[in-house]
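Enquirer: The structure under discussion is supplied below as structure tokens; questions concerning it will follow.
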């Protein structure tokens, strides 16, 4: 090292990039809460194949079909646009919490010198 190079901790990196992370989080919330409603209403790949081949009538509901976040919406919210938006926001926040905990757990801790 030339004496000018510094080893920065992960906390420093997070604080230095805080604005970037906040903007990314806000954009994700907007996309999930507002733009997601305008996503394609066409069936997904598996459902399309089931329709094309003709076994869509044999489909059964899964065990979580009655859960609060089933079918891309929030149970109890009658307005479809609001239901899809709230479900998207819950998904973004849940993903951010799980990722934050995971990153914190796997972050490299500085080694203490035993000398």
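Enquirer: Please specify each residue of region 30-58 satisfying the condition of being at pLDDT 85 or above, in a loop (DSSP other than H, G, I, E, B) and within 13 Å of residue 81 (Cα to Cα).
Expert: Passing the criteria: only 34.
Enquirer: What do you reckon, is residue 63 loosely packed, with under 12 Cβ neighbours inside 10 Å, under 26 Å from residue 98 (Cα atoms) and without any contact (Cβ under 8 Å) to a residue 24 or more places away in the chain?
Expert: Spelling it out, residue 63 is indeed loosely packed, with under 12 Cβ neighbours inside 10 Å, under 26 Å from residue 98 (Cα atoms) and without any contact (Cβ under 8 Å) to a residue 24 or more places away in the chain.
Enquirer: Exactly one condition in (1) at pLDDT 80 or above; (2) surrounded by 12 or more Cβ atoms within 10 Å (Cβ to Cβ); (3) farther than 26 Å from residue 102 by Cα is not met by residue 69; state its number.
Expert: Status for residue 69: all satisfied but (3).
Enquirer: Could you list, in sequence order, all residues of region 72-108 that are surrounded by fewer than 14 Cβ atoms within 10 Å (Cβ to Cβ) and within 16 Å of the chain's Cα centre (by Cα)?
Expert: 94, 95, 97, 98, 99, 100, 101, 102, 103
Enquirer: If you don't mind, another one. Given the criteria surrounded by 13 or more Cβ atoms within 10 Å (Cβ to Cβ) and either in contact with a helix residue (DSSP H, G or I) (Cβ under 6 Å, 6 or more places away or on another chain) or more than 17 Å from residue 91 (Cβ to Cβ) (or both), does residue 29 qualify?
Expert: It is true that residue 29 is surrounded by 13 or more Cβ atoms within 10 Å (Cβ to Cβ) and either in contact with a helix residue (DSSP H, G or I) (Cβ under 6 Å, 6 or more places away or on another chain) or more than 17 Å from residue 91 (Cβ to Cβ) (or both).
Enquirer: For region 36-60, give me each residue that is surrounded by 12 or more Cβ atoms within 10 Å (Cβ to Cβ) and without any contact (Cβ under 8 Å) to a residue 40 or more places away in the chain.
Expert: Scanning region 36-60 gives 43, 47, 48, 49, 50, 51, 56.
The values are calculated or read from the model by the stated rules, or taken from the named source; none is laboratory data. Everything numeric in this text was worked out from a predicted model, so none of it was measured. For neighbour counting, all protein chains shown are included, and Cβ atoms are generated from backbone atoms with ideal geometry for every residue, glycine included.
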